[in-house]
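Structure record follows, encoded as structure tokens.
Only the coordinates and a few stated rules stand behind these numbers; no lab work does. What you are looking at is a predicted structure, and each value in this text was computed from that prediction instead of being measured. Virtual Cβ from ideal backbone geometry, glycine too; neighbours counted across all protein chains shown.
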């Protein structure tokens, strides 16, 4: 066989083999990966809207989604808003839980972040950051408390804590939360999503 | 003496030609992912999987692949195994897959793997290539274990996620940041060179 045709044959067959192998690997793992993603979101919703037994997606657009959390009886316990926006290094993806009237934050959970390890990455830690976000009045935009305080009791009802040494990451999370709440309220007012009748009364 | 040479093929990856401390290959991911032991272990295993199977395949195909397209063929082989490893991690160990981030797909361009394919597997039998790959993997994993243990203990005060240093210990955050990676790696290489020099003097 001439060299050029041999090169073509060898490269093509290696490519074909590898392609078919990858197709089968994708076929085997696809469902599992999708399930992992879904489970991750569901677990996060259960965490930010306490008592949730079932969740449902109400609204979705690029890098923004609204879910409801319901209990066994089907009452809406609150909303879980997922948003992805710019952080210090890369995008931060988080989910914020609110009450049904969207004016109180129940809690916050970070789904994905690539902030500086040891500094900004503390936004994922419950003890260092997330516990300062529980039961906040968000009818007005939340503000950062700087310099940071040690316990949640030292913050006013619409204040959240800063991470010392990671102001940009803290601000990014704050901006994510404030803008997601504003957007959710606007969408709800426009009737893009609503609570089902049973619990609205 | 085939046995002796098998042993040599295996041993050289551990020390004489250790991919991290002697060959200084694959430094980018080595520096980036050794901030916690669990990441080091996962990365070591992922690289091992890719290295072993691509070495096997490359040495199997070494007489079929024309010289002119060998690098392209190796890269396709390597990329296939990397993608398989990446999908497998995402499906079975989503947390680890997330913390390793882009460094698993980046194994494709890890010089250790292409280096072994080009320097060894393409010139030697399947058996020797396999032994060579195993030795290299073990050397790589060992180096990652040492690096990530030092960095995790000093940088977070934990080992494999368990607290080993008491609450008196203020973590040296720099150790889990990029500078800590460079410092630890530099010291490790200096240490390896020192030992090597001692060995040479004794001979």
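In table form, for the structure just shown:
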item	result
Residue of A:93, A:20, A:125 that the Gaussian network model of chain A assigns the largest fluctuation, springs spanning Cα pairs under 10 Å	A:20
Neighbour-count order for A:64, A:27, fewest beta carbons within 10 angstrom listed first	A:27, A:64
Ranked A:112, A:135, criterion: other C-beta atoms within 10 Å, fewest first	A:135, A:112
Gaussian network model of chain A, springs between alpha carbon atoms under 10 Å - residue of A:170, A:18, A:156 with greatest fluctuation	A:18
Beta bridge orientation in the protein assembly as shown: antiparallel %, DSSP, nearest 5	90
Antiparallel bridges, percent of DSSP beta bridges restricted to region A:45-196 (to nearest 5)	90
Gaussian network model of chain B, springs between alpha carbon atoms under 10 Å - residue of B:56, B:160, B:31 with greatest fluctuation	B:160
Pairwise centroid distance, computed over Cα atoms, of region B:72-129 with region B:132-203, Å	23
Helical mean residue ellipticity (222 nm; -39500 (n - 2.57) per DSSP H run of 4+; nearest 500) of the protein assembly as shown	-17500 deg cm²/dmol
Rg/Rg_ref, region A:45-196, where Rg_ref = 2.2 N^0.38 Å and atoms are Cα	1.00
Region A:45-196, relative contact order [Cα under 8 Å, separation at least 6], %	19
Nearest-0.05 FRET efficiency for residue A:145 and residue A:27, computed from C-beta distance (R0 35 Å)	0.10
Sorted by Cβ density within 10 Å, fewest first, the residues B:137, B:111	B:111, B:137
Nearest 10 degrees, 0 to 90: helix A:167-189 Cα axis against chain A principal axis	80
Residue A:101 paired with residue A:8, simple spin-label distance in nm, labels 7 Å along Cα-to-beta-carbon	7.4
Angle in degrees between helix B:178-202 and the longest Cα principal axis of chain B, rounded to the nearest 10	60
For region A:112-191: rounded, prolate or oblate by the Cα gyration tensor [a/c cutoff 1.5]	oblate
Kirkwood-type radius of the protein assembly as shown, with distances r between different C-alpha atoms, in Å	24.3
Computed log₁₀ I(q)/I(0) - Debye formula, equal Cα scatterers, no solvent, region B:2-150, q 0.08 Å⁻¹	-0.20
Relative contact order for region B:2-150, counting Cα pairs under 8 Å that sit 6 or more residues apart, in percent	46
Helix B:37-60 axis, angle to chain B major axis (alpha carbon atoms, nearest 10°)	0
Estimated distance in nm for a label pair at residue B:67 and residue B:15, the labels positioned 7 Å out from Cα along Cα-to-Cβ	3.6
